[in-house]
Amino acid sequence: MQKVYQTDSYCREVATTINGAFVFEGKTELAIEDLLFHPAGGGQPDDLGIVVVQGIHFNILSLRKHKGETRIVLDDDGTLAGETGFGDVITCSLDWERRHCLMKLHSAAHVLMASARKIINGYVPGGMHIAGDLRTATIRFRRDHGPDATQIEQIMRTAKEIVRSGLDII
């Protein structure tokens, strides 16, 4: 499986081949050759989008990891799994607004963690979480290194300075 999301995070659509079609919890699940959609992980939710199979558009409900591969779970009743399969060509279209928002929130969380490292002596990142509604990015602190109100203000001020500096994000 080619992970397109790792090699071209700006790719919005790809034609690819089905490697397998399965039913999981009453929904069709597709294993495909070229995966456009970034799966949940590291505090970031799944990419979403649309898959066109045999001319029919299906929304993606989620991505599911199964035995080392990432499968696309479609919003259907599971019957498509019996009607399509290995070798069929499909089109995957990314929900670009969601992806772009995730990219920005992911970068923002890293800026906050870098700011926390500058302000809190001994800060070790405890991870991050991007809410499924894409409204917030949260960084975690270990209990013994939680910031006080003054440090939170300093972290936010430092983060704003980093953003205003216009650094390229690569």
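The values are calculated or read from the model by the stated rules, or taken from the named source; none is laboratory data. Model, not experiment: these values are computed from the prediction. Cβ: placed from backbone, ideal geometry, glycine included. Neighbour counts: every protein chain shown. Areas reflect the complete protein model, heavy atoms only, side chains present, ligands, DNA and RNA absent. Shrake-Rupley method; radii C 1.70, N 1.55, O 1.52, S 1.80 Å.
Of all residue pairs spaced 6 or more apart or on separate chains, those with beta-carbon atoms under 6 Å, a first member in region 101-115 that is closer than 15 Å to Arg164 by Cα and a second member that is among the small types (Gly, Ala, Ser) are Ala108/Ala137; Val111/Ala159; Leu112/Ala159; Ser115/Ala159. The residue of region 1-34 that is surrounded by the fewest Cβ atoms within 10 Å (Cβ to Cβ), among those that are within 12 Å of the chain's Cα centre (by Cα) and either free of Cβ contacts under 8 Å to residues at least 40 places away in the same chain or within 13 Å of Cys92 (Cβ to Cβ) (or both), is Gln6.
Within region 112-128, if we keep just the residues that are of a type in the set (A, V, I, L, M) and closer than 19 Å to Gly43 by Cβ, the residue that is least open to solvent (accessible area, probe 1.4 Å) turns out to be Ala116.
Conditions tested, residue by residue: (1) open to solvent by less than 50 Å² (accessible area, probe 1.4 Å); (2) closer than 12 Å to Ala108 by Cα.
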| site | (1), (2) |
| --- | --- |
| Ile130 | yes, yes |
| Asp133 | no, no |
| Ile139 | yes, yes |
| Arg142 | no, no |
| Ala149 | no, no |
| Glu153 | no, no |
| Lys160 | no, yes |
| Val163 | no, yes |
| Leu167 | no, no |
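Against the condition crowded, with 16+ Cβ neighbours inside 10 Å and over 26 Å from Ala149 (Cβ atoms), how does Leu80 come out, does it pass? Yes.
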